[in-house]
Amino acid sequence: MPHAAAQSESRISKTCFTGFSDAARENAASRVYIGYHFPFATTAGMNLGRQIGNFAIRHNLTPLESAGSGRLFRFGSGETPERSGKAPM
């Protein structure tokens, strides 16, 4: 009889997503299905995560000038809070 770990590996399937939001929705749904969260909690968590992501993009990502489309970013401006005069968050 094959080892239990080898049996479980044969049942693993590959999942492809069109974007990060699709993966987040599937992850949230799986947590409801297993009884770990209620639907309202996953909805609130996804909304909060989206807000945090938008904040990070607006405040910490700088579009690369050579990208043209504005889809490539560099993290931060290269300035530390001390050099920019801004208070750290």
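Read-outs throughout are calculated quantities, based only on the coordinates presented, and are distinct from any laboratory measurement. Nothing here was measured: the structure is a model prediction, and the numbers come from that model. Positions of Cβ are generated from backbone atoms using ideal geometry, with glycine treated the same way; all protein chains shown enter the neighbour counts.
Taking 7 Å steps out from each Cα toward its Cβ at Asn27 and Ile12 produces label points 1.8 nm apart.
Under the simplified labelling scheme, the Asn47-Phe20 pair shows an inter-label distance of 2.0 nm, with each label point 7 Å from Cα along Cα→Cβ. Taking other residues whose beta carbon is less than 12 angstrom from the beta carbon of Ala24, and scoring Lys, Arg as +1 and Asp, Glu as -1, yields +1.
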